[in-house]
Amino acid sequence: MITPGTFDITCFQGADFDQQFAVSQGGTALNWTNYTARMQVREAADSTATLLSLSTGGSGIVLGGTAGTIDLTITNAQSAAVSAGSFAYDLELQAGDGQVTRLLQGSFNVVGNVTR
């Protein structure tokens, strides 16, 4: 079992965003082969409305298999659609057998855009 890490993300409204995480345990990269991932941003953890949603399969998350990497990509159009403010997010991974692990959680901060 992995205890979720806390990592606060800052995204600039109207700009492209790319963040890579390298995940290891005891110095060994975790193997994300046969995993899928999903991430959602909401006003708060108990909010029903999703402000931003990413997932594997061409929707903003790429898992690096045996390298243990996770790439998050948000397009400028996606970031422009989220109001400036501080929100909550978490990132979950699902193994091929259906087991879900929350890997990261924290604040998702959107800095407002002046130039449009």
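FYI, it's all coordinate maths here, none of it is from the lab. Predicted, not measured: the structure shown is a model, and the values here were computed from it. For neighbour counting, all protein chains shown are included, and Cβ atoms are generated from backbone atoms with ideal geometry for every residue, glycine included.
Computed quantities for the displayed model
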{"read-out": "Qualifying residues in segment 1-35 (those that are free of Cβ contacts under 8 Å to residues at least 60 places away in the same chain and among the polar types (S, T, N, Q)) - the one nearest to S83 (Cα to Cα)", "value": "Q19"}
{"read-out": "Single unsatisfied condition, A49 versus (1) touching a strand residue (DSSP E or B) at 6+ places or on another chain (Cβ under 8 Å); (2) over 30 Å from R116 (Cβ atoms); (3) loosely packed, with under 11 Cβ neighbours inside 10 Å", "value": "(2)"}
{"read-out": "Positions within segment 6-29 being touching a helix residue (DSSP H, G or I) at 6+ places or on another chain (Cβ under 9 Å) and farther than 11 Å from L72 by Cβ, in sequence order", "value": "F12, Q13, G14, A15, D16, A22, A29"}
{"read-out": "Test: residue in segment 22-29 that is surrounded by 13 or more Cβ atoms within 10 Å (Cβ to Cβ) and of a type in the set (S, T, N, Q)", "value": "no"}
{"read-out": "Neighbours by Cβ (under 7 Å, 6+ apart or cross-chain): first from segment 95-116, over 17 Å from A77 (Cβ atoms) and without any contact (Cβ under 8 Å) to a residue 60 or more places away in the chain; second in a strand (DSSP E or B) and not hydroxyl-bearing (S, T, Y)", "value": "V100/E92; V100/Q94"}
